[in-house]
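Read through the structure below, which is laid out as C-alpha cells, and then see the notes.
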Amino acid sequence: MGEWWAGLDAVTKGFYIAATFFSVLFLWQLIATLIGLSGGEEVEVDTGADADADVDVGHDLEPGDHPEFEHGAAVDAAETMVAFKLLSLRSILAFCMLFSWAGALYLNRDVPLARSLAYAMAWGLGAMLLVALLFYGMRRMTETGSPRMASCLGGRGTVYLDIPAGGMGEAKVVVSGVVSHVRARAVGGQELKAGTPIRVTRILGPSAIEVEPVRGDQPEG
C-alpha cells in the first residue's frame with residue numbers, strides 16, 4: 001500500500017484525498033437525511049417564516065373558502081423550495097465525490113489528464129442529477145398525505161407557548177389527524193397563556209393560525 005501510494009503523482013494523490021473527504025461528508029449527510037426522514041408521530045408544521053413576525057400573509061381562510069389551499073397548492077410551493085435547498089447540498093457533495101473518485105481512478109490507469117477530467121466531470125454531473133432525483137423522490141414519499149392547515153379550521157387545541165399581546169406564540173392542534181405545533185396569534189391581539197384551550201378561527205398562512213380561547217364546556221363548531 002505504501003509503495004502504491006508513493007508511486008502516485010501529486011495530482012492523483014490530490015484526487016484520492018478529495019474523494020475520501022467528500023465520501024465521508026456525503027455518507028454523513030445521507031445518514032442524517034435518512035434519520036430526519038424517518039420522523040416521529042408529532043410533526044411541527046413550519047416552512048421557515050420568522051417566528052416573531054405578526055404578519056398576515058394574505059391567505060386568511062374562513063370555513064369553505066379557497067379549497068385549493070386545503071389541497072396544498074400554497075404549502076407545496078414552499079415545501080418544494082425548502083426541498084430544493086436541502087437537495088442542493090447533497091447534490092454538490094455527490095458531484096464532488098464522484099468527480100474525485102473518477103478522476104483518481106482514470107489517472108491511476110494512465111488516462112491523460114484532460115480526458116480524465118472530462119470523464120470525471122461526466123460522472124460528477126450524472127451523480128449530481130441522480131442524487132437530486134433520489135432525495136427529492138424520498139422527500140415526496142414522506143410528504144404524501146402531509147398535513148394541510150385548512151383541516152384544523154374550527155378545531156380545538158391548546159396554547160403550547162405563550163401568545164403575547166399582539167404577537168405570535170405557538171399552539172398545539174390536530175392537522176390532518178396529526179398533532180402539530182403551529183404558530184398562532186389570538187383574535188383581537190389578546191394575550192393567551194400556555195395551556196389555554198383554544199379554537200382555530202382563521203388560517204393565516206401555510207404555518208400560522210388565528211385562535212380564540214374557549215371554555216371547556218363550550219360546544220365545538
Next on the checklist: Between ALA171, ALA127, ALA102, ALA120, which is buried (at least 20 other Cβ atoms within 10 Å of the Cβ), assigned to a strand (DSSP E or B) and at negative phi?
Outcome noted: ALA171
Checklist entry - In the stretch 207-221, is there at least one residue being modelled with pLDDT under 90, within 21 Å of the chain's Cα centre (by Cα) and buried (at least 17 other Cβ atoms within 10 Å of the Cβ)? => result yes
Checklist entry - Does any residue of the stretch 137-157 turn out to be in a strand (DSSP E or B), over 17 Å from the mean Cα position of the chain (by Cα) and either at pLDDT 90 or above or over 25 Å from ILE35 (Cβ atoms) (or both)? => result yes
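The values are calculated or read from the model by the stated rules, or taken from the named source; none is laboratory data. Fair warning: this is a prediction, and the values are worked out from it, not measured in the lab. All Cβ positions, glycine included, derive from the backbone under ideal geometry; neighbour counts span all protein chains shown.
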